[in-house]
Amino acid sequence: MNIVIPKPVNEVLNTINENGYEAYIIGGAVRNWVMETKPSNYDISTNANLESIQKALKEYNTYYTGENNSRLGIVNAKFPMEISKYRTKENTLEADLASRDFTMNALAYSDEDGLIDYSTGVLDIKNKVIRVNGEDDHIFVEDPLRILRAIRLSAEYSMRIDVETQNYMNNNRDLLANVAPERIRDELSKILVVPRCEFYIKKYFDIFVKFLPELALIENYNPNDPHHIYDVLEHTYVALKTVEPILELRLAILFHDISKPFTASKTSDGKTIYKDHARKSAEMAREILNRFKFNKKTIQKVVKLIEYHDYQVPDNLTLIMQFLKKFGAEDIDDLYKVKRANYYAKNPAYTSELTYINNDYERLKQLTKKSSFIKRNQIDLEGKDLIKLGIKQDNIGKIIDIIYQDILNGKIKNKHEKLMAYIEEKELNKQII
(Lines give C-alpha, C1' and ligand atoms only; values in the text may rest on other atoms or scores of the structure.)
Protein backbone atom coordinates (compact mmCIF):
# COMPACT_ATOMS: atom_id res chain seq x y z
CA MET A 1 0.00 0.00 0.00
CA ASN A 2 1.61 3.21 -1.21
CA ILE A 3 0.07 6.34 0.31
CA VAL A 4 0.92 9.65 -1.34
CA ILE A 5 -0.75 12.72 0.12
CA PRO A 6 -1.51 15.30 -2.59
CA LYS A 7 0.75 18.34 -2.32
CA PRO A 8 -2.02 20.89 -1.50
CA VAL A 9 -3.32 18.64 1.30
CA ASN A 10 0.18 18.06 2.66
CA GLU A 11 0.82 21.81 2.71
CA VAL A 12 -2.26 22.31 4.90
CA LEU A 13 -1.13 19.54 7.27
CA ASN A 14 2.36 21.04 7.50
CA THR A 15 1.00 24.53 8.16
CA ILE A 16 -1.12 23.24 11.04
CA ASN A 17 1.87 21.31 12.44
CA GLU A 18 4.16 24.35 12.15
CA ASN A 19 1.71 26.27 14.32
CA GLY A 20 2.13 23.69 17.08
CA TYR A 21 -0.95 21.53 16.49
CA GLU A 22 -1.57 17.91 15.55
CA ALA A 23 -3.11 17.16 12.16
CA TYR A 24 -4.10 13.82 10.62
CA ILE A 25 -6.06 12.74 7.58
CA ILE A 26 -8.87 10.57 8.91
CA GLY A 27 -11.83 8.49 7.77
CA GLY A 28 -12.85 8.04 4.16
CA ALA A 29 -9.63 9.13 2.45
CA VAL A 30 -7.55 6.69 4.52
CA ARG A 31 -10.13 3.97 3.92
CA ASN A 32 -9.86 4.57 0.18
CA TRP A 33 -6.06 4.35 0.30
CA VAL A 34 -6.31 0.99 2.07
CA MET A 35 -8.76 -0.10 -0.64
CA GLU A 36 -6.25 1.20 -3.20
CA THR A 37 -8.76 3.64 -4.66
CA LYS A 38 -8.37 7.40 -5.08
CA PRO A 39 -10.00 9.60 -2.40
CA SER A 40 -12.51 12.19 -3.60
CA ASN A 41 -12.09 14.46 -0.55
CA TYR A 42 -9.93 14.81 2.53
CA ASP A 43 -11.05 15.13 6.16
CA ILE A 44 -8.43 16.44 8.56
CA SER A 45 -8.69 16.13 12.33
CA THR A 46 -6.73 18.23 14.83
CA ASN A 47 -6.44 19.01 18.54
CA ALA A 48 -6.78 22.76 17.87
CA ASN A 49 -10.00 24.73 17.87
CA LEU A 50 -11.19 25.96 14.49
CA GLU A 51 -10.58 29.63 15.28
CA SER A 52 -6.89 28.86 15.80
CA ILE A 53 -6.79 26.76 12.63
CA GLN A 54 -8.39 29.55 10.62
CA LYS A 55 -5.74 31.98 11.84
CA ALA A 56 -2.99 29.49 11.00
CA LEU A 57 -4.45 29.10 7.52
CA LYS A 58 -4.93 32.83 6.92
CA GLU A 59 -3.43 32.48 3.43
CA TYR A 60 -6.19 30.04 2.43
CA ASN A 61 -9.77 30.65 1.37
CA THR A 62 -11.69 29.02 4.22
CA TYR A 63 -15.33 28.79 5.29
CA TYR A 64 -17.33 27.26 8.13
CA THR A 65 -19.61 24.33 7.34
CA GLY A 66 -21.37 21.39 8.98
CA GLU A 67 -23.82 21.30 11.86
CA ASN A 68 -23.21 24.25 14.20
CA ASN A 69 -20.23 25.27 12.01
CA SER A 70 -18.31 22.28 13.34
CA ARG A 71 -15.96 22.03 10.35
CA LEU A 72 -13.68 24.41 8.49
CA GLY A 73 -13.67 23.95 4.73
CA ILE A 74 -10.83 24.90 2.41
CA VAL A 75 -11.70 25.95 -1.12
CA ASN A 76 -9.85 23.65 -3.51
CA ALA A 77 -11.72 22.28 -6.53
CA LYS A 78 -9.34 19.38 -7.11
CA PHE A 79 -8.71 18.37 -3.50
CA PRO A 80 -11.71 19.32 -1.30
CA MET A 81 -10.71 19.50 2.37
CA GLU A 82 -12.57 19.89 5.66
CA ILE A 83 -10.95 20.28 9.08
CA SER A 84 -12.54 19.41 12.41
CA LYS A 85 -11.44 19.37 16.02
CA TYR A 86 -11.11 16.01 17.75
CA ARG A 87 -14.62 14.91 18.66
CA THR A 88 -14.22 13.94 22.31
CA LYS A 89 -13.48 15.76 25.56
CA GLU A 90 -10.14 13.94 25.83
CA ASN A 91 -9.07 15.86 22.71
CA THR A 92 -6.80 13.06 21.51
CA LEU A 93 -6.55 11.23 18.22
CA GLU A 94 -7.10 7.85 19.88
CA ALA A 95 -10.33 8.99 21.54
CA ASP A 96 -11.47 10.63 18.31
CA LEU A 97 -10.98 7.44 16.30
CA ALA A 98 -12.75 5.44 19.01
CA SER A 99 -15.83 7.63 18.44
CA ARG A 100 -16.05 6.80 14.71
CA ASP A 101 -18.93 4.70 13.40
CA PHE A 102 -17.32 1.68 11.71
CA THR A 103 -13.85 0.19 11.99
CA MET A 104 -13.24 0.90 8.30
CA ASN A 105 -13.62 4.62 9.06
CA ALA A 106 -11.62 4.62 12.32
CA LEU A 107 -8.31 5.17 10.54
CA ALA A 108 -5.83 8.05 10.46
CA TYR A 109 -2.68 8.89 8.54
CA SER A 110 0.20 11.33 8.53
CA ASP A 111 3.56 11.05 6.82
CA GLU A 112 5.30 11.28 10.20
CA ASP A 113 3.28 8.63 12.06
CA GLY A 114 2.11 6.52 9.12
CA LEU A 115 -1.16 4.58 9.12
CA ILE A 116 -2.87 4.52 12.52
CA ASP A 117 -5.44 1.81 13.29
CA TYR A 118 -6.43 1.29 16.92
CA SER A 119 -9.15 -1.24 16.05
CA THR A 120 -9.45 -3.78 13.23
CA GLY A 121 -10.12 -1.33 10.41
CA VAL A 122 -7.42 -2.43 7.97
CA LEU A 123 -8.13 -6.12 8.55
CA ASP A 124 -11.88 -5.60 8.10
CA ILE A 125 -11.33 -3.70 4.86
CA LYS A 126 -9.10 -6.48 3.55
CA ASN A 127 -11.75 -9.05 4.52
CA LYS A 128 -14.52 -6.82 3.09
CA VAL A 129 -16.40 -6.63 6.40
CA ILE A 130 -18.34 -3.70 7.85
CA ARG A 131 -18.22 -3.78 11.64
CA VAL A 132 -19.29 -1.36 14.37
CA ASN A 133 -16.39 0.47 15.95
CA GLY A 134 -16.78 -0.55 19.57
CA GLU A 135 -18.37 -3.24 21.65
CA ASP A 136 -22.04 -2.24 21.58
CA ASP A 137 -24.72 -0.47 19.54
CA HIS A 138 -24.05 3.06 20.80
CA ILE A 139 -23.18 4.37 17.32
CA PHE A 140 -26.72 3.61 16.11
CA VAL A 141 -28.31 5.06 19.22
CA GLU A 142 -26.29 8.27 18.80
CA ASP A 143 -27.20 8.57 15.12
CA PRO A 144 -29.69 6.05 13.68
CA LEU A 145 -28.87 7.23 10.14
CA ARG A 146 -25.74 5.12 10.46
CA ILE A 147 -28.02 2.12 9.92
CA LEU A 148 -28.61 3.28 6.34
CA ARG A 149 -24.99 4.35 5.99
CA ALA A 150 -23.89 0.80 6.76
CA ILE A 151 -26.19 -0.53 4.05
CA ARG A 152 -24.96 2.10 1.60
CA LEU A 153 -21.29 1.34 2.30
CA SER A 154 -22.01 -2.37 1.95
CA ALA A 155 -23.59 -1.72 -1.45
CA GLU A 156 -20.97 0.74 -2.69
CA TYR A 157 -17.96 -1.40 -1.77
CA SER A 158 -19.49 -4.90 -2.05
CA MET A 159 -18.75 -5.57 1.61
CA ARG A 160 -20.75 -7.71 3.98
CA ILE A 161 -22.07 -6.41 7.29
CA ASP A 162 -21.03 -8.69 10.12
CA VAL A 163 -23.78 -10.50 12.01
CA GLU A 164 -23.44 -8.61 15.28
CA THR A 165 -23.61 -5.27 13.48
CA GLN A 166 -26.71 -6.42 11.59
CA ASN A 167 -28.32 -7.34 14.90
CA TYR A 168 -27.56 -3.88 16.27
CA MET A 169 -29.06 -2.31 13.15
CA ASN A 170 -32.26 -4.34 13.39
CA ASN A 171 -32.62 -3.72 17.11
CA ASN A 172 -32.43 0.04 16.59
CA ARG A 173 -34.34 0.42 13.31
CA ASP A 174 -37.31 2.06 15.05
CA LEU A 175 -35.02 5.01 15.84
CA LEU A 176 -35.02 5.95 12.16
CA ALA A 177 -38.30 7.72 12.92
CA ASN A 178 -36.22 10.34 14.75
CA VAL A 179 -33.98 11.11 11.76
CA ALA A 180 -34.63 14.22 9.65
CA PRO A 181 -36.31 13.17 6.37
CA GLU A 182 -33.77 14.97 4.19
CA ARG A 183 -30.92 12.99 5.79
CA ILE A 184 -32.74 9.75 4.99
CA ARG A 185 -33.35 11.07 1.47
CA ASP A 186 -29.63 11.57 0.91
CA GLU A 187 -28.69 8.04 1.98
CA LEU A 188 -31.63 6.48 0.11
CA SER A 189 -30.63 8.35 -3.05
CA LYS A 190 -27.10 6.95 -2.84
CA ILE A 191 -28.36 3.42 -2.22
CA LEU A 192 -30.73 3.53 -5.19
CA VAL A 193 -27.99 4.26 -7.72
CA VAL A 194 -25.59 1.48 -6.69
CA PRO A 195 -25.47 -1.82 -8.58
CA ARG A 196 -27.95 -4.37 -7.22
CA CYS A 197 -29.82 -1.82 -5.13
CA GLU A 198 -32.81 -4.18 -5.18
CA PHE A 199 -30.71 -6.83 -3.40
CA TYR A 200 -30.03 -4.51 -0.47
CA ILE A 201 -33.61 -3.28 -0.21
CA LYS A 202 -34.78 -6.89 -0.16
CA LYS A 203 -32.15 -8.03 2.33
CA TYR A 204 -32.83 -5.16 4.73
CA PHE A 205 -36.53 -4.81 3.98
CA ASP A 206 -37.50 -4.62 7.67
CA ILE A 207 -35.32 -1.52 7.92
CA PHE A 208 -36.56 0.16 4.73
CA VAL A 209 -40.23 -0.17 5.66
CA LYS A 210 -39.56 1.87 8.79
CA PHE A 211 -39.33 4.98 6.64
CA LEU A 212 -41.10 3.64 3.52
CA PRO A 213 -44.10 1.82 5.05
CA GLU A 214 -45.84 1.92 1.66
CA LEU A 215 -43.55 -0.90 0.49
CA ALA A 216 -45.08 -3.25 3.06
CA LEU A 217 -48.43 -2.88 1.30
CA ILE A 218 -47.16 -4.51 -1.90
CA GLU A 219 -45.16 -7.27 -0.21
CA ASN A 220 -46.69 -10.65 -1.13
CA TYR A 221 -49.48 -8.85 -3.00
CA ASN A 222 -50.55 -11.13 -5.84
CA PRO A 223 -51.73 -9.09 -8.85
CA ASN A 224 -53.82 -12.02 -10.19
CA ASP A 225 -52.84 -11.08 -13.71
CA PRO A 226 -51.51 -13.57 -16.30
CA HIS A 227 -49.08 -10.90 -17.49
CA HIS A 228 -47.35 -11.09 -14.09
CA ILE A 229 -45.38 -13.97 -12.58
CA TYR A 230 -44.27 -12.19 -9.38
CA ASP A 231 -46.01 -10.46 -6.53
CA VAL A 232 -45.92 -6.68 -6.84
CA LEU A 233 -42.89 -6.18 -4.60
CA GLU A 234 -40.85 -8.89 -6.35
CA HIS A 235 -41.89 -7.40 -9.70
CA THR A 236 -40.52 -4.08 -8.44
CA TYR A 237 -37.22 -5.71 -7.44
CA VAL A 238 -36.79 -7.29 -10.87
CA ALA A 239 -37.61 -4.01 -12.61
CA LEU A 240 -35.09 -2.15 -10.40
CA LYS A 241 -32.46 -4.67 -11.42
CA THR A 242 -33.20 -3.99 -15.09
CA VAL A 243 -33.42 -0.21 -15.22
CA GLU A 244 -30.37 2.06 -15.47
CA PRO A 245 -28.85 3.28 -12.17
CA ILE A 246 -30.21 6.81 -12.54
CA LEU A 247 -31.98 8.21 -9.49
CA GLU A 248 -35.16 9.44 -11.23
CA LEU A 249 -35.59 6.15 -13.09
CA ARG A 250 -35.11 4.03 -10.00
CA LEU A 251 -37.44 6.16 -7.91
CA ALA A 252 -40.05 5.82 -10.65
CA ILE A 253 -39.66 2.04 -10.70
CA LEU A 254 -39.68 1.79 -6.90
CA PHE A 255 -43.11 3.45 -6.70
CA HIS A 256 -44.69 2.71 -10.11
CA ASP A 257 -47.11 0.05 -8.78
CA ILE A 258 -47.38 1.25 -5.19
CA SER A 259 -51.15 1.87 -5.50
CA LYS A 260 -52.18 -1.54 -6.82
CA PRO A 261 -53.65 -2.78 -3.52
CA PHE A 262 -55.93 0.30 -3.51
CA THR A 263 -57.03 0.24 -7.15
CA ALA A 264 -57.86 -3.45 -7.61
CA SER A 265 -61.35 -4.38 -8.76
CA LYS A 266 -63.06 -7.35 -10.40
CA THR A 267 -64.66 -7.40 -13.83
CA SER A 268 -67.88 -9.29 -14.55
CA ASP A 269 -65.87 -12.27 -15.79
CA GLY A 270 -63.76 -12.38 -12.62
CA LYS A 271 -60.59 -10.72 -13.89
CA THR A 272 -58.65 -8.36 -11.64
CA ILE A 273 -58.04 -4.90 -13.07
CA TYR A 274 -56.23 -1.87 -11.67
CA LYS A 275 -58.09 1.07 -13.10
CA ASP A 276 -56.12 4.31 -13.03
CA HIS A 277 -53.35 2.72 -10.96
CA ALA A 278 -50.63 4.67 -12.78
CA ARG A 279 -52.16 8.02 -11.85
CA LYS A 280 -52.82 6.91 -8.27
CA SER A 281 -49.27 5.57 -7.92
CA ALA A 282 -47.98 8.90 -9.22
CA GLU A 283 -50.01 10.73 -6.57
CA MET A 284 -48.66 8.47 -3.82
CA ALA A 285 -45.12 8.92 -5.12
CA ARG A 286 -45.53 12.69 -5.01
CA GLU A 287 -46.56 12.48 -1.35
CA ILE A 288 -43.60 10.24 -0.50
CA LEU A 289 -41.05 12.38 -2.35
CA ASN A 290 -42.41 15.54 -0.74
CA ARG A 291 -42.16 13.84 2.63
CA PHE A 292 -38.43 13.38 2.08
CA LYS A 293 -38.04 16.88 0.62
CA PHE A 294 -36.77 15.89 -2.80
CA ASN A 295 -36.30 18.89 -5.06
CA LYS A 296 -39.16 20.02 -7.27
CA LYS A 297 -37.49 19.00 -10.53
CA THR A 298 -36.92 15.43 -9.35
CA ILE A 299 -40.47 15.11 -8.03
CA GLN A 300 -42.01 16.39 -11.26
CA LYS A 301 -40.02 14.01 -13.43
CA VAL A 302 -40.56 10.92 -11.26
CA VAL A 303 -44.29 11.59 -10.96
CA LYS A 304 -44.55 12.07 -14.72
CA LEU A 305 -42.70 8.83 -15.48
CA ILE A 306 -44.99 6.88 -13.15
CA GLU A 307 -48.18 8.49 -14.44
CA TYR A 308 -47.38 7.50 -18.03
CA HIS A 309 -45.59 4.18 -17.50
CA ASP A 310 -48.64 2.34 -18.91
CA TYR A 311 -49.36 4.89 -21.65
CA GLN A 312 -50.19 3.43 -25.06
CA VAL A 313 -49.66 5.58 -28.13
CA PRO A 314 -52.99 6.15 -29.94
CA ASP A 315 -53.48 6.22 -33.71
CA ASN A 316 -54.76 9.80 -33.62
CA LEU A 317 -51.87 12.18 -34.26
CA THR A 318 -53.62 15.07 -32.58
CA LEU A 319 -53.84 13.03 -29.38
CA ILE A 320 -50.19 12.04 -29.73
CA MET A 321 -49.18 15.67 -30.09
CA GLN A 322 -51.24 16.58 -27.06
CA PHE A 323 -49.38 13.89 -25.13
CA LEU A 324 -45.97 15.11 -26.32
CA LYS A 325 -46.85 18.68 -25.48
CA LYS A 326 -47.91 17.69 -21.96
CA PHE A 327 -45.23 15.09 -21.26
CA GLY A 328 -42.27 16.68 -23.02
CA ALA A 329 -40.35 15.16 -25.91
CA GLU A 330 -37.10 15.48 -23.96
CA ASP A 331 -38.16 12.75 -21.48
CA ILE A 332 -39.42 10.16 -23.98
CA ASP A 333 -36.19 8.14 -23.75
CA ASP A 334 -36.45 7.87 -19.97
CA LEU A 335 -40.14 6.97 -20.12
CA TYR A 336 -39.39 4.04 -22.39
CA LYS A 337 -36.52 2.90 -20.17
CA VAL A 338 -39.08 2.67 -17.38
CA LYS A 339 -41.62 0.93 -19.64
CA ARG A 340 -39.07 -1.66 -20.78
CA ALA A 341 -37.90 -2.34 -17.22
CA ASN A 342 -41.54 -2.82 -16.25
CA TYR A 343 -41.99 -5.25 -19.14
CA TYR A 344 -38.87 -7.30 -18.36
CA ALA A 345 -40.24 -7.87 -14.85
CA LYS A 346 -43.44 -9.45 -16.22
CA ASN A 347 -44.38 -12.80 -17.74
CA PRO A 348 -41.95 -13.36 -20.66
CA ALA A 349 -44.63 -15.33 -22.52
CA TYR A 350 -46.28 -12.05 -23.54
CA THR A 351 -43.57 -11.01 -25.99
CA SER A 352 -45.98 -8.95 -28.09
CA GLU A 353 -46.05 -6.30 -25.36
CA LEU A 354 -42.37 -5.52 -25.94
CA THR A 355 -43.05 -5.21 -29.67
CA TYR A 356 -45.76 -2.64 -28.95
CA ILE A 357 -43.45 -0.75 -26.61
CA ASN A 358 -40.63 -0.59 -29.16
CA ASN A 359 -42.96 0.34 -32.02
CA ASP A 360 -44.55 3.12 -29.97
CA TYR A 361 -41.11 4.42 -29.04
CA GLU A 362 -39.99 4.53 -32.67
CA ARG A 363 -43.20 6.31 -33.70
CA LEU A 364 -42.71 8.99 -31.08
CA LYS A 365 -39.02 9.45 -31.86
CA GLN A 366 -39.65 9.71 -35.59
CA LEU A 367 -42.47 12.15 -35.02
CA THR A 368 -40.34 14.46 -32.88
CA LYS A 369 -37.67 14.50 -35.61
CA LYS A 370 -40.06 15.62 -38.36
CA SER A 371 -40.08 19.21 -39.47
CA SER A 372 -43.85 19.06 -38.99
CA PHE A 373 -43.39 18.59 -35.26
CA ILE A 374 -45.14 21.77 -34.19
CA LYS A 375 -47.50 22.75 -31.46
CA ARG A 376 -51.11 23.54 -32.23
CA ASN A 377 -50.60 27.21 -31.40
CA GLN A 378 -47.80 27.39 -33.98
CA ILE A 379 -50.16 26.92 -36.93
CA ASP A 380 -49.72 29.85 -39.32
CA LEU A 381 -53.35 30.91 -39.13
CA GLU A 382 -55.41 33.23 -36.96
CA GLY A 383 -59.09 33.18 -36.16
CA LYS A 384 -59.70 36.32 -38.21
CA ASP A 385 -58.28 34.54 -41.28
CA LEU A 386 -60.90 31.82 -40.97
CA ILE A 387 -63.69 34.33 -40.42
CA LYS A 388 -62.71 35.94 -43.74
CA LEU A 389 -63.34 32.56 -45.37
CA GLY A 390 -66.86 32.55 -43.99
CA ILE A 391 -66.20 30.10 -41.16
CA LYS A 392 -68.40 30.65 -38.14
CA GLN A 393 -66.80 31.59 -34.82
CA ASP A 394 -68.06 28.39 -33.18
CA ASN A 395 -66.34 26.25 -35.83
CA ILE A 396 -62.89 27.86 -35.77
CA GLY A 397 -61.48 25.48 -33.15
CA LYS A 398 -62.77 22.44 -35.03
CA ILE A 399 -61.24 23.64 -38.31
CA ILE A 400 -57.91 24.25 -36.56
CA ASP A 401 -58.01 20.66 -35.22
CA ILE A 402 -58.51 19.30 -38.76
CA ILE A 403 -55.71 21.47 -40.12
CA TYR A 404 -53.40 20.44 -37.27
CA GLN A 405 -54.03 16.75 -37.95
CA ASP A 406 -53.38 17.20 -41.68
CA ILE A 407 -50.14 19.11 -41.03
CA LEU A 408 -48.93 16.31 -38.77
CA ASN A 409 -49.88 13.75 -41.42
CA GLY A 410 -47.86 15.66 -43.99
CA LYS A 411 -50.86 16.50 -46.17
CA ILE A 412 -50.17 20.23 -46.08
CA LYS A 413 -47.26 22.48 -45.11
CA ASN A 414 -47.62 25.01 -42.33
CA LYS A 415 -47.57 28.04 -44.64
CA HIS A 416 -50.24 30.73 -44.37
CA GLU A 417 -51.14 30.97 -48.07
CA LYS A 418 -51.16 27.20 -48.55
CA LEU A 419 -53.35 26.69 -45.50
CA MET A 420 -55.90 29.28 -46.66
CA ALA A 421 -56.08 27.68 -50.11
CA TYR A 422 -56.30 24.21 -48.57
CA ILE A 423 -59.31 25.17 -46.45
CA GLU A 424 -61.16 26.51 -49.48
CA GLU A 425 -60.17 23.62 -51.74
CA LYS A 426 -61.23 20.94 -49.26
CA GLU A 427 -64.31 22.92 -48.22
CA LEU A 428 -63.47 22.11 -44.62
CA ASN A 429 -66.29 24.28 -43.35
CA LYS A 430 -68.77 21.81 -44.83
CA GLN A 431 -67.14 18.94 -42.92
CA ILE A 432 -68.20 20.50 -39.63
CA ILE A 433 -71.66 19.49 -38.55
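The values are calculated or read from the model by the stated rules, or taken from the named source; none is laboratory data. This is a predicted model, so every value here is computed, not measured. Counting neighbours? That spans all protein chains shown, and the Cβs are built from the backbone with ideal geometry, glycine included.
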Item to complete: Give region 262-309 a look and list any residue that's among the aromatic types (Phe, Trp, Tyr) and either in the same structural domain as Val179 (by TED's automatic domain parsing) or in contact (Cβ under 8 Å) with a residue 60 or more places away in the chain (or both), or say none.
Response: Phe292, Phe294
Worksheet item: Restricting the first residue to region 218-234 and requiring it to be of a type in the set (S, T, N, Q), which pairs with a second residue that is assigned to a loop (DSSP other than H, G, I, E, B) meet a Cβ separation below 6 Å and a spacing of at least six or different chains?
Response: Asn220/Asp231; Asn222/Asp231
Worksheet item: For Ser281, all conditions in the list (1) surrounded by fewer than 18 Cβ atoms within 10 Å (Cβ to Cβ); (2) in contact with a Phe, Trp or Tyr (Cβ under 8 Å, 6 or more places away or on another chain); (3) under 17 Å from Val338 (Cβ atoms) hold save one; what is the number of the exception?
Response: (1)
Item to complete: Test Val243 against the stated conditions and say whether it is within 14 Å of the chain's Cα centre (by Cα), crowded, with 17+ Cβ neighbours inside 10 Å and closer than 13 Å to Arg340 by Cα.
Response: yes
Fill in: Residues of region 319-362 that turn out to be of a type in the set (Lys, Arg) and modelled with pLDDT under 90, as a count
2
Discussion item. For Glu182, only one of the following conditions fails: (1) surrounded by 14 or more Cβ atoms within 10 Å (Cβ to Cβ); (2) within 19 Å of the chain's Cα centre (by Cα); (3) part of a helix (DSSP H, G or I). What is its number?
Written reply: (1)
Item to complete: Could you grab me the full set of residues in region 175-190 that are closer than 19 Å to Val141 by Cα and free of Cβ contacts under 8 Å to residues at least 60 places away in the same chain?
Response: Leu175, Leu176, Ala177, Asn178, Val179, Ala180, Arg183, Glu187
Worksheet item: Out of the residues in region 291-318 that are of a type in the set (Asp, Glu) and at pLDDT below 95, which is farthest from the chain's Cα centre (by Cα)?
Response: Asp315
Worksheet entry | Failed item in (1) outside the structural domain of Ser352 (by TED's automatic domain parsing); (2) assigned to a helix (DSSP H, G or I), with Pro195 passing the rest | (2)
Worksheet, complete the sentence: Among helices (runs of 4 or more DSSP H) completely within region 1-100, the ones holding 1 or more residues that are surrounded by 15 or more Cβ atoms within 10 Å (Cβ to Cβ), among the basic types (Lys, Arg) and within 33 Å of the chain's Cα centre (by Cα) are 28-34
